[in-house]
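Trainee: Sharing a structure, written as structure tokens. Questions coming.
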Amino acid sequence: MESLSNKTVIGWIGTGVMGAPMADHLLKEGYALCVYSRTKEKASDLIANGASWCDSPAAVAKTADIVFTIVGFPADVRSVYFGKDGVFSTIRSGSVLIDMTTTKPSLAEEIFAKGQTLGVSTIDAPVSGGDVGARQGTLSIMVGGDKTAVDDIMPLLDILGKNIVYQGPAGSGQHTKMCNQITIAGTMIGVCEALLYGHRAGLDLDTMLSAISGGAAGCWTLSNLAPRVVKRNFEPGFYVEHFVKDMEIALDEARRMNLSLPGLALVHQMYKAVEAQGRGRKGTHALTLALEQMNGM
């Protein structure tokens, strides 16, 4: 790939809660952007701001020099890359593909191997920071894949995030994201149970949070999601169903590595209860609702 310039065309596939604001940052920096999403309406603001619409992942890959993808599930990633109208059907040698979806490390390795046969550089770069980080351009980005390509596109990653760390070869970014999700799983149940305890004890929850968020308990989840729980706002920064998917990937990888992760397994089962209650499209902090139901609250 030639060095980045104002002639570089960037493709973006996936304009959901995370993808749309991330793509918008690139538009605002003056990059030419072509976009595709399964639901065109979700790309309407980007199109209004100057992005061009493509009617398939293949059309994006045919047009762009660099293609970002951030979709929902591993099956979606596979379809976007390997499907009949996927990016690999039209991608040009010398292009760069960056998958920012949280997906299976083995799939990232498969994408890398296919890219090698086509003369295409591939990068797995899942993110953390939720809708807030996506809107503010402050995401943590965990990067695996072709190091030379990573260095080449680092100015683009710098627009999207503030903590960008190269982890190693293909799949390493995804493995790092699994570590991130395992940590969040344990943190989330702790935050939700603390709120239930505080409520039952008769505390003012805002006052309680102002005290514990400045001490050893302080964390992103406590600062950003606990206030939403207090306000009874369970709309998604990150969907429950996507978090369940992430935990299942981590549990599958743990089994493959002969690891026992009982804490993760417990939180996974709790989130399956949230899904069973019809709340899979709520934010991850909706775990509170399942815990409230267990406690008759």
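Trainee: If I fit a long axis through the Cα atoms of helix 172-200 and take the longest principal axis of the Cα atoms of the chain, what angle between them do I get, 0 to 90°, rounded to 10?
Mentor: Compared with the principal axis, the helix lies near 30 degrees.
Trainee: Which order do VAL229, VAL127 fall in if you start with the one that has the fewest other Cβ atoms within 10 Å?
Mentor: Going from sparsest to densest Cβ surroundings: VAL229, VAL127.
Trainee: Taking θ = phi - 60°, what integer Hz values does the Karplus form 6.51 cos²θ - 1.76 cosθ + 1.60 yield along segment 243-260, in sequence order, with x for Gly and Pro?
Mentor: Working through the residues one at a time gives 5, 4, 4, 5, 5, 5, 4, 4, 5, 5, 5, 4, 4, 4, 8, 6, 10, 9 Hz.
Trainee: On to the next question. Check GLY145: other-chain or 5+ apart residues with amide H under 5 Å from its amide H, H built from backbone geometry?
Mentor: Close amide H contacts, sequence-distant or interchain: ASP124, GLY168, ALA170, GLY171, SER172, GLY173.
Trainee: When the helix-only estimate is applied to the chain (DSSP H runs of n ≥ 4, each -39,500 (n - 2.57), divided by the residue count), what is the mean residue ellipticity at 222 nm, nearest 500 deg cm²/dmol?
Mentor: -15500 deg cm²/dmol
Trainee: Scale the Cα Rg of segment 45-85 by the rule-of-thumb value 2.2 N^0.38 Å and send over the ratio, two decimals.
Mentor: The reported ratio for this selection is 1.25.
Trainee: Where does each of 230-242, 206-218 land if you order them by average Cβ count within 10 Å, highest first?
Mentor: 230-242, 206-218
Trainee: Ok, one more. Give, in whole angstrom and from largest to smallest, the semi-axes √(5λ) of the equivalent ellipsoid of segment 116-168, with λ running over the eigenvalues of the Cα gyration tensor.
Mentor: Here the semi-axes work out to 22, 10, 9 Å.
Trainee: Given the convex hull of the Cα atoms of segment 176-294, what is a quarter of its surface area in nm²?
Mentor: Over every viewing direction, the Cα hull of segment 176-294 projects on average to 7.4 nm².
Trainee: What do you get for the angle between helix 19-28 and the principal long axis of the chain? Use alpha-carbon atoms, 0 to 90 degrees, nearest ten.
Mentor: Value to nearest ten degrees: 50.
Trainee: Roughly how far apart, in whole Å, are the Cα centres of segment 6-20 and segment 43-92?
Mentor: 9
Trainee: If all Cα-Cα distances of segment 1-84 are sorted into 10 Å bins from 0 onward, what percent lands in each bin, rounded to whole numbers?
Mentor: For segment 1-84, the pair-distance distribution reads 19, 55, 24, 2.
Trainee: Starting at the first residue of segment 217-224, write each ³J(HN,Hα) from the Karplus equation 6.51 cos²θ - 1.76 cosθ + 1.60 with θ = phi - 60°, in whole Hz, x for Gly and Pro.
Mentor: So the Karplus estimates, Gly and Pro as x, are 7, x, 6, 4, 4, 5, 6, 9 Hz.
Trainee: How do MET257, MET100, MET178 line up, fewest other C-beta atoms within 10 Å first?
Mentor: MET257, MET178, MET100
Trainee: To continue, here is another question. Against the longest principal axis of the chain, how steep is helix 147-160, in degrees 0 to 90 to the nearest 10, with axes from Cα atoms?
Mentor: For helix 147-160, the angle is close to 60 degrees.
Trainee: Which lysines does LYS104 reach when only Cα atoms under 26 Å apart count, and residues fewer than 8 places away in its own chain are ignored?
Mentor: Once the sequence-local lysines are set aside, what remains near LYS104 is LYS42, LYS62, LYS84, LYS114, LYS147, LYS162, LYS177, LYS245, LYS272, LYS282.
Trainee: Using a Gaussian network model on the chain with a 10 Å cutoff between Cα atoms, which of THR90, THR103, THR15 fluctuates the most?
Mentor: Residue with maximal mean-square fluctuation among THR90, THR103, THR15: THR90.
Trainee: Calculate, axis by axis, the spread of Cα positions in the chain along the three principal axes, and write the results as whole Å, longest axis first.
Mentor: So the extents along the principal axes, rounded to whole Å, are 62, 45, 34.
Trainee: Starting from the Kirkwood Rh over alpha-carbon pairs, what translational D in µm² s⁻¹ does segment 9-169 have by Stokes-Einstein at 10 °C and 1.306 mPa s?
Mentor: Rounded, D is 105 µm²/s.
Trainee: Mind sorting ASP55, ASP252, ASP65 by how few other Cβ atoms lie within 10 Å of their own Cβ, fewest first?
Mentor: Sorted ascending by nearby Cβ count, the order is ASP55, ASP252, ASP65.
Trainee: Quickly rank 109-115, 150-156 as a protection proxy: mean count of other C-beta atoms within 10 Å, highest first.
Mentor: Descending mean neighbour count gives 109-115, 150-156.
Every read-out reported here was derived from the displayed coordinates using simple, explicitly stated rules and does not represent laboratory data. Please read these numbers as outputs of a predicted model, since none were measured by experiment. Using ideal geometry, Cβ is built from the backbone for each residue, glycine included, and neighbour counts are taken over all protein chains shown.
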